[in-house]
Amino acid sequence: MIEISHDDALYYLKQMMQIRQFEDKIMDLLSQNIAQGGSHLYAGEEAIAVGTIAAIRPDDYIVSTHRGHGHSIAKGGKLPELMAEILGKATGVCKGKGGSLHLADVSTGNLGANGIVGGGMGIGTGAGLSIKMRKTDQVMLCFFGDGALNLGIFHECLNMAAVWKLPVVYICENNLYGMSVSVKRACAVQDLTKRALAYDMPSQSVDGMDVLAVNEAASHWVEYARGGKGPSLLICNAYRYYGHSRSDPRNYRTKEEEQEWHDRDPIKAFSQRCVKENILSQPEVETLEQEVAAEIEQAVKFAIDSPWPQPEELYEDVYA
Amino acid sequence: MREITYRQALNEALAEEMERDPTVFIMGEDVAIYGGAYGVTRGLYERFGEERVRDSAISEVAIVGAGLGAAITGMRPVTEIMYVDFIPLCMGQLNNQVAKIRYMFGGKTKVPLVIRTEGGAGRSLGAHHSQSLESWFIHIPGIKVVMPSVPYDAKGLLKSSIREDNPILFIEHKILYNTKGEVPEEDYTLPIGVADVKREGEDVTVIAYSQMLLFALQAAEELGKEGISAEVIDPRTLLPLDIDTITNSVKKTNRAIIVEEDCKTGGTGAEIGMQIMENAFDYLDSPVVRVAGADVPMPKSSALEELAIPSKEGIIEAVRKLVG
Ligand SMILES: Cc1ncc(C[n+]2csc(CCOP(=O)(O)OP(=O)(O)O)c2C)c(N)n1
Ligand SMILES: [Mg+2]
């Protein structure tokens, strides 16, 4: 038995579907060269963004990674503005200046994706410091990939946050690879929760394909932070479906491994479970899927029809 | 002669030097199984094995720092930093350790370290994957900065860089990897610190490197049709700069334009232009002109990105104005 209300179930499912369809669509747009540059797609990892961000309030903060579309959507970003940003249009949430790698929406408390691995970790830690100094009861969810675990900034930030008891939940999205290099080959310690031991910080590992498990764990650590007890490290284990980028030959992982994770698809698993336990009906799920598809189509149309930034925009926003 | 890509030329240089010298090894992110983010090290892991082609964790500071340690103790590391935009992460290692150790040790050590990286705009990748930071690096005595623009130079200069006993920052350009050019089959190297006259001309000297060399050559071609004869010089190495080749040309043409992709303020053009002033002021008929990148972070939108760096049209216009 799962304990979830009909409305919550619908909300989780809708967000996960939005993210999946958004990403599948971008893959299309990239192939048609309508979307330019790179986009790191979040398909397969939806349950992490949705489950964790459902555990916080609208006035709480998140900071994201180079794989940031899912976080932006879950934090309440508007699909048309996000899509327009990824296409580099003037109507984008960052006026076309940031793009996929720098999707940010300060109005929703989203302090941005980042082109630098680990680049958000200082921002997340500093937002935690600011929360503490301003004496609000907000919380920061600081996302990063397994790849960021081996950068100095990871250690510097976790140590600082632990010493100063900052209200930050560090969320490691472990999808087994940093580009082509597996955690097995990159990390000396395989039980990633142990990384927190050095900073005397609590840590937990959770199935990142299970939105409810993620939400339960995140809720615990969010309340822990909000209660003034300090930071924590939450490891969410999931899988990136697409290649790292379009040119990725995916020769570092096997088809069998990919299939195993697809078999545990977070959206399918959750919707089937909800239907089985009579929380949602099958027609409801199907209708939702169609509604989301229509929403994504609208977002794409908005983005494609939107104007490019004007030349004078080039020199604007460099300084306040 | 056969034609190969810039990527292939670099790949051959690495393979040949690894074959020639067992102390040469490669270390960086995704250089082994993946073959490098831009495919430069493809096939080397299969050929030379994991001991000599090492995938590291995402640890830029350790890659460069450990590269230095290995270099001063008998190895010849060729490290790769995936984007020049990530060099600032390991700038402390590069600037404080790599560049200065020999001097600080009174000349008692050598640093045969290559740091290969890749930069520049043109793929709509935004502010963290499109920068041209070379002017930061020419401000660091103790390293050499090499920026080849054509496959022939890329191969010859990378081979020399690997054989060199000084630290080399070798900056490739993402847009150049698929460009082709003539490269001989037989072994050759090119001297570091020597510029190359890519096109001879009489009316104006255009100095351009990396992607901008291609733009400058296209511009010179069109200008030629209007009867303006541009001499195009590729410094190939920015530090040390072969100012003699440049001033010899300026003494002939009496006019100089520098084309650079990096931000104009404090850019490479400022340094090259000043050296022209110091060495050939009496020969100049007009002030040295810079066609440079805008002083802004690189915008993602392709509509703005193309305005943020020099274009062929911009170069043509600047030359017309200078010569006309
Ligand atoms: C400092 C830095 N080094 C390297 C890169 C290139 N790069 C971009 S994403 C990536 C892999 C990151 O892996 P991980 O943190 O596990 O996130 P994932 O892509 O798996 O979501 C790499 C190496 C970068 N952007 N920044
Ligand atoms: Mg990863």
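The values are calculated or read from the model by the stated rules, or taken from the named source; none is laboratory data. Here the structure is a predicted model, which means the values were calculated and not measured. Note that we place each Cβ from the backbone using ideal geometry, even for glycine, and neighbour counts take in every protein chain shown. Side chains are part of the model used for accessible areas, which takes the heavy atoms of the whole protein and leaves out ligands, DNA and RNA. Shrake-Rupley method; radii C 1.70, N 1.55, O 1.52, S 1.80 Å.
Every test in (1) open to solvent by 50 Å² or more (accessible area, probe 1.4 Å); (2) in contact (Cβ under 8 Å) with a residue 12 or more places away in the chain; (3) touching a Gly at 6+ places or on another chain (Cβ under 6 Å) is passed by A:E289 save one, and that test is (3).
Evaluate the following for A:R273: is it surrounded by fewer than 20 Cβ atoms within 10 Å (Cβ to Cβ) and in contact (Cβ under 8 Å) with a residue 60 or more places away in the chain? Yes; evaluated as a whole, the condition is true for this residue. Residues satisfying the criterion are absent from segment A:10-23 (criterion: buried (at least 24 other Cβ atoms within 10 Å of the Cβ), aromatic (F, W, Y), over 25 Å from A:Y241 (Cα atoms) and more than 16 Å from ligand 1 (Cβ to nearest atom)).
For segment B:5-28, the criterion of being closer than 18 Å to A:M179 by Cβ, of a type in the set (A, V, I, L, M) and assigned by TED's automatic domain parsing to the domain that holds B:F137 is met by at least one residue. Of the residues examined, A:L82 is not one that is within 11 Å of chain B (Cβ to nearest Cβ), closer than 22 Å to A:I26 by Cα, more than 11 Å from ligand 1 (Cβ to nearest atom) and modelled with pLDDT of 95 or more. Taking segment A:155-173 as the range and being surrounded by fewer than 22 Cβ atoms within 10 Å (Cβ to Cβ) and within 14 Å of chain B (Cβ to nearest Cβ) as the test, the residues that pass are A:H155, A:E156. Scanning segment A:124-176 for residues that are of a type in the set (D, E), within 15 Å of ligand 2 (Cβ to nearest atom) and outside any helix (DSSP H, G or I) yields a total of 1.
The residue that is farthest from A:S64 (Cα to Cα), counting only those in segment A:130-153 that are surrounded by fewer than 20 Cβ atoms within 10 Å (Cβ to Cβ) and within 14 Å of another protein chain (Cβ to nearest Cβ), is A:G152. In this structure, A:G88 does satisfy being within 14 Å of chain B (Cβ to nearest Cβ) and over 16 Å from the mean Cα position of the chain (by Cα). Just to check your reading of the model, which residue among A:V93, A:V139, A:V117, A:V106 is within 16 Å of ligand 1 (Cβ to nearest atom) and out of contact with any Phe, Trp or Tyr (no Cβ under 6 Å at 6 or more places or on another chain)? The unique qualifying residue is A:V117. Filtering A:Q190, A:Q204 for residues that are within 16 Å of ligand 2 (Cβ to nearest atom) and either part of a loop (DSSP other than H, G, I, E, B) or open to solvent by 50 Å² or more (accessible area, probe 1.4 Å) (or both) leaves a single hit, A:Q190.
Per the conditions (1) open to solvent by 20 Å² or more (accessible area, probe 1.4 Å); (2) of a type in the set (V, I, T); (3) over 15 Å from the mean Cα position of the chain (by Cα), the sole criterion not satisfied by A:V117 is (3). Any idea which residue in segment B:113-132 is nearest to the other protein chains (Cβ to nearest Cβ), counting only those that are open to solvent by 10 Å² or more (accessible area, probe 1.4 Å) and not charged (D, E, K, R)? My answer is B:H128. The requirement of being away from ligand 1 (no atom under 13 Å from the Cβ), surrounded by fewer than 21 Cβ atoms within 10 Å (Cβ to Cβ) and closer than 23 Å to A:A54 by Cα is not satisfied by A:G112.
Output the residues belonging to segment B:53-101 that are away from chain A (no Cβ under 14 Å), aliphatic (A, V, I, L, M), open to solvent by 30 Å² or more (accessible area, probe 1.4 Å) and closer than 14 Å to B:L169 by Cα. Across segment B:53-101, there are no qualifying residues.
Note on segment B:24-52: residues that are open to solvent by 30 Å² or more (accessible area, probe 1.4 Å), away from chain A (no Cβ under 14 Å) and within 17 Å of B:R116 (Cα to Cα) total 1. Where helices (runs of 4 or more DSSP H) fall entirely within segment B:265-324, those with at least 3 residues that are surrounded by fewer than 18 Cβ atoms within 10 Å (Cβ to Cβ) are at B:268-280, B:312-323. Need a quick list: helices (runs of 4 or more DSSP H) entirely within segment A:1-94 having at least 1 residues that are out of contact with any helix residue (DSSP H, G or I) (no Cβ under 9 Å at 6 or more places or on another chain). It comes to A:6-31.
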